[in-house]
Amino acid sequence: MTGIPTALIAGSGALPAHLARAMEAAGTPFLIAQVEGYEMAGAGHWPVETFALERLALLFDLLHARGMQRVVLAGTVHRPRLEPERIDPRTAQMLPRILPLLAQGDDGALRAVIALFEEDGFEVVGADAVAPGLLPPPGVPTAAQPSEADRRDAARAATILAALGASDLGQGAVVAQGLCLAVETLPGTDAMLAWVADVAGACRPDPKGAHGVLCKAPKSGQDRRIDLPAIGPATVEAAYRAGLAGIAVEAGGVLVLDPEKTLARSDALGLFLWVREP
């Protein structure tokens, strides 16, 4: 095998399996370490090591023993509730640094995790380092194209996300006819789009006007090695149910899972996918 031995620290969701497949295809030696209490989708035939956050130091020992040199973190892990009786002595020494950062918000917590891995000798890389094909080039690869009204709505949504990102909030927003119908919060993109489909969609002032755009982008100033936003075929389905015209994602900042299926589903449902320059 070739490439740098890489540990995939996996939360729930589809992204970890996409990265595992990319590393397998590239011949990169890798190990999957699953956060206890979370389950990655499509684990398939790969062996998975499960670890508890209360025993992070023991995970570091395992990764060194297996020859891992770099780490990629992928998938969803909600703010942990640590069980004091499970914490091993070496991990306990890390807590005075970790706990204050956990109270600072998502970015603070993620930066703390990155720092701990780096200090133990691992290189932390982003998902795009192991699966560059998940970051599409700028353009509109779908048959449907955004109208001028759609482009204005996408620009308005991007402005909203930039403002929210400064407060460590949200990586998605829905704007229709210049009005913000919803912003993404902790429940995620699917919950936001369901809210638009069930409730907020009725707030469009002109039923015959622009249907609206889902915009996804990283938070301003976030460390892009971790927690990049992502979309996939399921996002397209949810946007269609919400009555939107399409999806706009920031070029270089949003992962597109199953790119071929995502484009095919967008074309089948008549939605555009616009990879827009920031």
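The values are calculated or read from the model by the stated rules, or taken from the named source; none is laboratory data. Nothing here was measured: the structure is a model prediction, and the numbers come from that model. Note: ideal-geometry Cβ built from the backbone for every residue, glycine included; neighbour counts use all protein chains shown. We work out accessible area using only protein heavy atoms, side chains counted, and drop any ligands, DNA or RNA first. Shrake-Rupley method; radii C 1.70, N 1.55, O 1.52, S 1.80 Å.
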| message | I need the strands (runs of 3 or more DSSP E) fully contained in segment 177-254, keeping only those with at least 1 residues that are surrounded by fewer than 20 Cβ atoms within 10 Å (Cβ to Cβ). | response | 179-183
| Restricting attention to segment 1-26, and to residues there that are within 18 Å of LEU257 (Cβ to Cβ) and assigned to a loop (DSSP other than H, G, I, E, B), which single residue is least open to solvent (accessible area, probe 1.4 Å)? | GLY11
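Starting from residues that are surrounded by 24 or more Cβ atoms within 10 Å (Cβ to Cβ) and within 19 Å of the chain's Cα centre (by Cα), keep the ones in segment 162-176 and report whichever is nearest to PRO205 (Cα to Cα).
So the residue we want is VAL174.
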| The lone exception for LEU164 - which of (1) in a loop (DSSP other than H, G, I, E, B); (2) in contact with a strand residue (DSSP E or B) (Cβ under 9 Å, 6 or more places away or on another chain) it fails | (1)
| Odd one out for PRO29, checked against (1) over 23 Å from the mean Cα position of the chain (by Cα); (2) closer than 30 Å to VAL256 by Cα; (3) open to solvent by 50 Å² or more (accessible area, probe 1.4 Å) | (3)
| task | Only one of these is part of a loop (DSSP other than H, G, I, E, B), surrounded by 17 or more Cβ atoms within 10 Å (Cβ to Cβ) and touching a residue at least 60 places away in the same chain (Cβ under 8 Å): ALA144, ALA149, ALA154, ALA158. Name it. | result | ALA144
| Residue list for segment 74-121, restricted to those being modelled with pLDDT under 85, assigned to a loop (DSSP other than H, G, I, E, B) and not small (Gly, Ala, Ser) | VAL77, HIS78, ARG79, PRO80, ARG81, LEU82, GLU83, ILE87, ASP88, GLN104
